[in-house]
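What follows is calculated from the coordinates using simple rules that are stated; it is not laboratory data. Small disclaimer: the values here were computed from a predicted structure and weren't measured. A quick note on method: Cβ atoms are made from the backbone with ideal geometry, for glycine too, and the neighbour counts reach across all protein chains shown.
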Amino acid sequence: MRNLRLLRAAERRPGPAAAAPGAPQCFCLGAEPGTVFVGSQHGLLELGPAAHTVTREVSLIAEGFMPEDRSGCIVGLEDLPEQECVCVATAAGDILLCNLSTKEVECVGSVDSGLSTMSWSPDQELFLLVTGQQTLIMMTRDFEPITEKQIHQDDFGEEKFVALGWGKKETQFHGSEGKQAAHLPPASAWDDGRPRVTWRGDGQFVAVSAVCPETGARKIRVWNRELVLQSTSEPISGLEQALAWKPSGSLIASTQEKPNRHDVVFLEKNGLLHGEFTLPFQKGQVKVNELLWNADSTILAIWLEDLKKDENCKPNSYVQLWTTGNYHWYLKQSLHFGNLEKNQLVSLLWDPVIPYRLHVLCQGWHYLSYDWHWTINHGMGENSQHVANVAVIDGDKVLVTAFQHAVVPPPMCTYHLQFTQAVNQIAFHTDPKHSGDMAILDADNRISVYRYDPNSDSTVRLGAVGGNGFKAAVETPYLDKTYRVDLGSNTNEVMNPLGLRFLTWLPDNSFLVVGQDQHATQSVLHLTAVPHVAGAEEQCLDLRLSVSVDGEVISLCCSPVTKTVALQLADGQILKYLWEASTPVLEPWQTSSGSAVQFPHPCVQTSLTKISGEVSKIVASNITSFATYNEFLLVTTNSHTCQCFCLKDMSVKALQTGLSSAAVPSNETLRNVERGSRIITVVPQDTKVVLQMPRGNLETIHHRALVLAQIQKWLNRLMFREAFQCMRKLRINLNLLYDHNPKVFLENVETFIKQIDSVNYINLFFTELKEEDFTKSMYPSLNGSSNAQPQQHPDQKKVNLVCDVMRVAMERIDPQKYCLSILTAYVKKSPPELETALQKVHDLRGNISPDVTAVSAEEALKYLLFLVDVNELYDYSLGTYDFDLVIMVAEKSQKDPKEYLPFLNTLRKMETNYQRYTIDRHLKRYTKALGHLSKCGPEHFSEFLNLVKDQNQYYEALKLYPPSTQEYKDISDAYGDYLNQKQLYEQAALIFARAGLFAKALDSFLTSGSWQQALCMASRLGYTEDKLSSLARSMAGSKVSKTDFSYFWFSDYEEAVLLLLEGALWEEALRLIHKYGRLDILETNFKPAIQEAQKSQLMFLDSQKTAFLRHKSRLQVVRELKEKACESLQDYEMPNCPELDLISETSSVVTASDMNSKYSHSNSRISARSSKNRRKAERKRYSLKEGSPFEDVALLEALGENVRAVETVKDIHILLKQLVLFGYDEQAGELQRVLEDILHLMETSLPEIWSPELRQSSLNPVLGPNSTANSIMAAYQQKRMVTPVVQG
């Protein structure tokens, strides 16, 4: 899916004064960058890096090694940097070492029969000579011959195949071709007959192609470094002269002319054919002069020429660059050099160091070098339906794949565009609204503009999506205009193919390209405006503006969002092109501080996006590909991972940390991919990321970070259906539908149900519901969204809340359609409401709907059995007391009818309440069983009491009878005995007393030591004065001192009772009331007093809870503000600054005191005042006013006061006992619940308010050699923050 983009094109032409006589014949590259050695009819010269200079020259005619008539020929050149000379081989047979610095020429060897080829091995340890007598001579780098062999050998070689006895090829069957197929035709007429030599990349083997003198056809032979023949190619009809061994060592490339086409064929080292591809020319139209592989074996360059039809015909020259992927060969670049003689090619070479640099030398001493790099041409918009289009160049076709619709593996495509010439560049429209429109630049410098329109076009043909019986859903473009680019060049000038680079289609429908000035090495920026001329099929683009650039442009990118064009120069400098100005200008790109942006290294792929922080900084060096999409950056790394970062709130420093090898990203930002994967494109408004493997096949992944971001957008737009389908397909937990924003979800439940519109999907959502918040556990990146629990349901569980709200909505929309989902909502609740669900099933049996699609009772029951265990469901159905429903459930279970039918028949014969009691007792629902049994009459009370005693259901049993009944007293009697057995004597006495069992109450009070209550009970029993005094004195000797007892017993009782009630001494007041028989005071004073005390305690606890919650929430806000302030101070990154450590250790106390000087001043002023004034000043200093410097300290002190105030309520249990004694159970229960709630709240909040760090800091030593004034002050202030203790 990649194309070759031309990064730079350099050219050199020696001026008239520096030009050497004669025509160039060959060239080689020097060891120093930019140095080129050219061999000509006159001798050897060196072209320097400058554009118009010949650095050094050696005349071989003057030295006598070449004839003066310039008929000599150089057949080989090689730069030997270790010997500081150039090795030259001439056709006359001389091997020369030329030192251009001293201009000395040394002949190190000579072959009398002449030389046709000299080829050095890649390691320059050996070189091979082909002589005029068709022999091979292998020599060392010191020019010592190793061996000499004849090219033409009768033997196959050491790797000769094993004969299987099938006979010779001449005697085998050849089909319709007949026996003539066994005889090879001679080589082509245009074949020069010279041997061709090519080395394998590691230099271990060399292949030689030569014309066989017997058959006249070419054969390829493979030799090792000792010139031992390894193999001979099989007879190949039409084999031609071109030969190139792939550096990776797998294949040898050559060309073959077949009866109906012209092919590039590949041979293995054993001489057998292994694949081919066809050249885009007719048979006999062109000849292939040379084949060349680049250094990394990814590009095959082919040098072609037109065959002369007659002597006056001037052939055209071409250079084509081919690449392969997924077993298909693509023609990526086509260089047309025209038919002028001075533009004819002399030779071309790939750079051995820079893999994608090609060197070309023309007859007119015109030297060119091209640097390519891989690029991916895809749409740049965000909202258009054509933005996921990726275009691939394949000769005269452009293969377009619409990933928005389908992932079509190459070499197939969605559709392709057909042209008359080879295509070199593709540019998508940078306007997001027309991001699918394309501009294609072909080899003739014509730009074809394709736009999307319902009209059809014959040049657009469907690919993989076509076929009989299929209707293509993808929209195809049409050819709008074809423009000819005419920059005023003369046809007689020296041709520079690919003179236009970086074709960019700007949003205003103008084109931006980069060209090369003919007089300098500076790049020139051309802005060409599209003329609005109608009628002509082909129009010309006018040159609107030309802006010179002081440097060489190596990349150009345009942002469709900011409409900014950025150019990168070879030195790393970044320029900004302001194309929207009335007069477009080019200016350096500057940062906010005014400094120029410059990359430390040239970047071959650039993209514009927004990120905060420092620019021109290397954040990663292990990236293999990247893509930007909205606020996301996706990269693939050398460690075979794909990472995705949200740049919205990310700084450059954070990005560098995330990309570092030491970082451990979360599962949302990183995923493993196949080795060598590259990013092709990201499908907008979707979650697909298309990767291409090294072989060429495609793989689609859904990166978790993109998926979550897209789901978040859908949920914010209330697009529940799209979000649900994506989450279901990509296995995202469905709890996120609610957890993302609970309030919005609950407010739009009906919208959610109507959009999903599927019972199965709603049931799936119910089954995945869990209590945990998945934005905090599984997907923490979404924790910043609004996911607070709605305040109207603070105490309700999440699952129960969602089930109830959705069930109500479904019952309102269509209860019949969503019947199964309603049942799921009942079952999913905690605890499950199975009885209600079974009742719904029972109602379905009675309501027979005429609607055919309505759910029947059988279907509903079958679905319930799928959710719940059948035995459990049987018990719940029995608890509905509906025997028809029980039988219906039992029939679906594995129970034996002989077991449950007799039991049901027995139940049918019982009275209703006793029947239900029996069922509840069977199901161990004892509370309900007691309720039904209590309605069966007094005759069943003994059974009732036995059940209460067996299951300890005393509290529930007391609720079923009025206090005045005998049953109530019997239950209380049994309850008191049970409590006495548990040694809970005081509770037993209270139960006895409230039931009127004063004798037992007296014994229990005596045992528990409650002497006041014991005297009360004695008074109620009618003890005489003497007996009561005797009882009192006996208790006084053991329980209290005689003085206190006589005071309590013999004081003025009326005033004492009122004072005791006012002081909340309830037990003592009650004792005096009973002592003097003033039971009327119970109604007039005592009971109103304990009720009023209960209300007062409720108000006190509620006020403390409110204040505690208010101070706690404010403390959290203040701490967050102080942390941000500390972070802003630490961002200055002051080295060796101890104050930073002090700030972090003492929280905000020191910083606040430093930031507000008036408090420190006032503190010093009042230091000599009284202690009262000091306390007043401290209270003023630690103010709860929002924004005060020590607000957090004041809040901690206030929270501690709240805890201590609640802790002081210790005698509330006495009030609770009095409320229970006089039958105020509801008031007592309410007060106890409120107290338990606030105690639980404070216990759970203590670790959050008084953190372990705060507790530890309060224990640290205050003084010491390392202490400072600030640290001592902070330590003393933190004493106010000591954690209070809550005792339940």
### Query
Cross-link partners among aspartates and glutamates for Lys160, C-alpha distance below 14 Å, same-chain residues fewer than 8 apart left out?
Glu234, Glu268
### Query
Efficiency by 1/(1 + (r/R0)^6): what FRET value for His152 and Asn697, r their Cβ-Cβ distance, R0 = 41 Å, to the nearest 0.05?
0.40
### Task
Could you tell me the distance between the Cα centroids of region 729-787 and region 891-967, to the nearest Å?
43 Å
### Task
Name the aspartates and glutamates eligible as straight-distance cross-link partners of Lys563: C-alpha to C-alpha under 20 Å, and not fewer than 8 places from it in the same chain.
Glu382, Asp431, Asp437, Asp508, Glu580, Glu587, Glu631
### Message
What distance in nm separates the two pseudo spin-label positions at Val585 and Arg451, each 7 Å out from Cα along the beta-carbon direction?
### Response
3.3 nm
### Task
May I have the extent of the alpha carbons of region 22-143 along their three principal axes, as whole Å values ordered from largest to smallest?
42, 36, 21
## Note on the structure
Answer check: region 923-968, Cα atoms, Kirkwood Rh, Rg/Rh ratio of 0.92
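Between Lys617 and Ser559, 0.36 nm times their residue separation minus their Cα-Cα distance comes to what?
On the way: separation 58, 0.36 × 58 = 20.88 nm, distance 2.04 nm.
Separation in residues times 0.36 nm, less the Cα-Cα distance, equals 18.8 nm.
For region 591-637, how big is the tail of P(r) above 18 Å, as a whole percent of Cα pairs? Can you show the working numbers first?
Working: 386 of 1081 pairs.
Distances greater than 18 Å cover 36 percent of the Cα pairs.
On a full-extension model of 0.36 nm per residue, what is the gain between Leu984 and Glu268, subtracting their alpha-carbon distance, rounded to one decimal in nm? Provide the component values of the computation, followed by the final result.
Working: separation 716, 0.36 × 716 = 257.76 nm, distance 9.92 nm.
The Leu984-Glu268 span can extend by a further 247.8 nm.
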### Task
Just grab the label-to-label distance for Phe866 and Lys949, each label 7 Å out from Cα along the Cβ direction, in nm (one decimal).
5.2 nm
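Please compare each pair in Lys269/Lys314; Lys258/Lys332; Lys648/Lys729; Lys246/Lys688; Lys258/Lys342 to a cut-off of 29 Å on the Cα-Cα distance and tell me which ones are over it.
Lys269/Lys314; Lys246/Lys688; Lys258/Lys342
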### Summary
Given pairs Lys713/Lys828; Lys433/Lys713; Lys653/Lys1124 and cut-off 25 Å on Cα-Cα distance, the over-length ones are Lys713/Lys828
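Kindly identify region 379-449 as rounded, prolate or oblate by the Cα gyration tensor criterion: order the square roots of the eigenvalues as a ≥ b ≥ c, call it rounded if a/c is under 1.5, otherwise compare a/b with b/c, prolate if a/b is larger, else oblate. Walk me through the intermediate numbers first.
Values: a/c = 2.96, a/b = 1.28, b/c = 2.31.
Cα axes put region 379-449 in the oblate bin.
Below 8 Å, C-alpha to C-alpha, sequence gap of six or more: please give me the relative contact order for region 541-590 in percent. Walk me through the numbers before you get to the answer.
Working: 66 pairs, mean separation 12.2, N = 50.
Relative contact order of region 541-590: 24 percent.
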### Query
Using the beta-carbon distance between Arg225 and Glu1201 and R0 = 60 Å, what value does 1/(1 + (r/R0)^6) give for FRET efficiency, to the nearest 0.05?
0.05
### Task
Sort the following peptides by mean Cβ neighbour count (other Cβ atoms within 10 Å, averaged over residues), highest first: 668-674, 4-10.
4-10, 668-674
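Could you tell me the relative contact order of region 4-149? Use alpha-carbon pairs under 8 Å, at least six residues apart, and round to a whole percent. Present the calculation step by step, with values, prior to reporting the outcome.
Numbers: 313 pairs, mean separation 18.7, N = 146.
Once normalised by length, the contact order is 13 percent.
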### Task
Give me the lysines in straight-line cross-link reach of Lys1027: C-alpha distance below 16 Å, same-chain residues under 8 apart excluded.
Lys1075
### Query
Between Leu578 and Lys342, what is the FRET efficiency for a Förster distance of 41 Å, r being their Cβ-Cβ separation, to the nearest 0.05?
0.55
### Query
Given labels modelled 7 Å from the Cα in the Cβ direction, how far is it in nm from Asn99 to Arg908?
12.5 nm
### Query
Roughly speaking, what is the stretch gain from Glu859 to Leu545, that is 0.36 nm per residue apart minus the C-alpha to C-alpha distance, in nm to one decimal?
105.3 nm
